Amino acid sequence: VSPAGAARPATILTVALNLALDVTYFVERVEWHAGNRVARVHEQAGGKGVNVARVLQALGHEPVVTGLAGGTSGDAARADLAAAGLREALLPIAAATRRTVAVVDETHGDATGFWEPGPTVDAHEWADFVAAFPALVRDRAAVVLTGSLPGGVPLDAYAQLGSAAARLGVPVVLDADGEALRHGLGARPAVVKPNAGELARAAPGLDAPAAAAWLRAAGAGAVVASRGPDGLLAVTPDGSWRVRLAERVDGNPTGAGDAAVAALAAGIVAGWSWPERLRHAVALSAAAVHSPVAGAFAADAYRRYLPAVSIERLDGVHGLLS
Ligand SMILES: Nc1ncnc2c1ncn2[C@@H]1O[C@H](COP(=O)(O)OP(=O)(O)OP(=O)(O)O)[C@@H](O)[C@H]1O
Ligand SMILES: [Mg+2]
């Protein structure tokens, strides 16, 4: 029982503007250009904001997922979040939430994906979401802005949401690409987490350390660049580090970046030092490669990797452009 008037527990809000319903068809052997009998269908809520929330939940946090959901696919995604025990505050939109369909050929053990284009959000719906956002983000310990923007949502969406969070003193972790990332920097997010391609697109012609330093100069409090099996390169107010696992992990790297983002948000909430946040981010994301589905990780591998992470301090990157 919490004392009267106590603040809400420190929760992390994740934002899934382009929520998905991930549909997987399991087919014994796919015959292209012919009819196929589907043996089993699996459906679950997806998208990066949901993946990050699932990882946070598995770490013992009680995240809340917000964003936009519409149509029967949106209803199904909502129902799946409820079934998974994930709290949501999704705002309804008229257009249907996108489905991502994966067809798994169980004989070959491979999959073919079909990504629907996603809904077009009406200007009034976006205005309603922006108006509702301060109440959703108030008193949270952190907010994660991640994933693509659906049609109709302005390119500076993450700047609008990030500015609202900043006004309320809530730290932002931003994981975005292209224009959404570039605009999002304007709201001075605490952390941005580009992967190698996103970093190169954001700062063309610069090597990774210089590009990370450039993103900081453009507004990011800290830049944590992920580099697949090579781990993380972090440029922060407290220094710069190269952090990695000695071994390369075989498995499914989809969603490893989302696990890194979850660890960085959790590290903010826990008040860990930068090296400690980065150690957890590398161990957790490597453990996520073990898991065939995005949003999950192998807990035993996470524990095993933590002491095996190498943390190398870099000199000279921090002040590169200052
Ligand atoms: N094969 C691997 N072995 C060990 N660690 C890995 C491997 N692939 C990824 N990782 C870990 O996961 C982190 C994130 O990976 P990556 O840079 O591929 O992210 P991403 O492209 O943003 O992924 P996504 O957006 O699909 O979640 C890396 O920084 C690293 O710590
Ligand atoms: Mg990513």
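The values are calculated or read from the model by the stated rules, or taken from the named source; none is laboratory data. As the structure is a prediction and not an experimental result, all values here were calculated from the model. A quick note on method: Cβ atoms are made from the backbone with ideal geometry, for glycine too, and the neighbour counts reach across all protein chains shown. These area figures cover heavy atoms from the full protein model, side chains too; ligands, DNA and RNA do not enter into them. Shrake-Rupley method; radii C 1.70, N 1.55, O 1.52, S 1.80 Å.
May I ask you to verify whether Val1 is modelled with pLDDT under 95 and hydrophobic (A, V, I, L, M, F, W, C)? Criteria met by Val1. Inspect segment 192-200 for any residue being within 20 Å of Glu276 (Cβ to Cβ) and under 17 Å from the mean Cα position of the chain (by Cα) and give the result as yes or no. Yes. Scanning segment 13-65 for residues that are among the hydroxyl-bearing types (Ser, Thr, Tyr) and touching a His at 6+ places or on another chain (Cβ under 8 Å) returns a single hit, Thr24.
None of Phe114, Phe129 is closer than 30 Å to Asn252 by Cβ and of a type in the set (Phe, Trp, Tyr) except Phe114. Looking across segment 230-262 at every residue that is under 15 Å from Tyr302 (Cα atoms), touching a strand residue (DSSP E or B) at 6+ places or on another chain (Cβ under 9 Å) and open to solvent by 60 Å² or more (accessible area, probe 1.4 Å), the one that is farthest from ligand 2 (Cβ to nearest atom) is identified as Ala246.
The numbered conditions (1) among the small types (Gly, Ala, Ser); (2) under 20 Å from the mean Cα position of the chain (by Cα); (3) under 19 Å from Val293 (Cα atoms) are all true for Gly162 except (3). Does Val293 satisfy the condition of being under 21 Å from Arg216 (Cα atoms) and either in contact with a Phe, Trp or Tyr (Cβ under 8 Å, 6 or more places away or on another chain) or outside any helix (DSSP H, G or I) (or both)? Answer is no for this residue.
Scanning segment 211-233 for residues that are more than 10 Å from ligand 1 (Cβ to nearest atom) and in a strand (DSSP E or B), which turns out farthest from Gly257 (Cα to Cα)? It comes out as Ala222.
Residue count for segment 199-210 under the criterion of being within 13 Å of ligand 1 (Cβ to nearest atom) and surrounded by fewer than 20 Cβ atoms within 10 Å (Cβ to Cβ): the result is 2.
Condition first: within 16 Å of ligand 2 (Cβ to nearest atom), on the phi > 0 side of the Ramachandran plot and in contact (Cβ under 8 Å) with a residue 12 or more places away in the chain. Can you find one or more residues in segment 264-273 that meet it? Taking every residue of segment 264-273 in turn, none turns out to be within 16 Å of ligand 2 (Cβ to nearest atom), on the phi > 0 side of the Ramachandran plot and in contact (Cβ under 8 Å) with a residue 12 or more places away in the chain. Residue under question is Arg304, and the condition is that it be more than 9 Å from ligand 1 (Cβ to nearest atom) and more than 20 Å from Glu62 (Cα to Cα); does it hold? So Arg304 fits the description; yes.
Residues in segment 164-178 that are within 16 Å of ligand 1 (Cβ to nearest atom) and of a type in the set (A, V, I, L, M, F, W, C): Val173, Leu174, Ala176. The set of residues in segment 263-277 being in contact with a Phe, Trp or Tyr (Cβ under 9 Å, 6 or more places away or on another chain) and either of a type in the set (A, V, I, L, M, F, W, C) or open to solvent by less than 30 Å² (accessible area, probe 1.4 Å) (or both) consists of Ala266, Gly267, Trp274.
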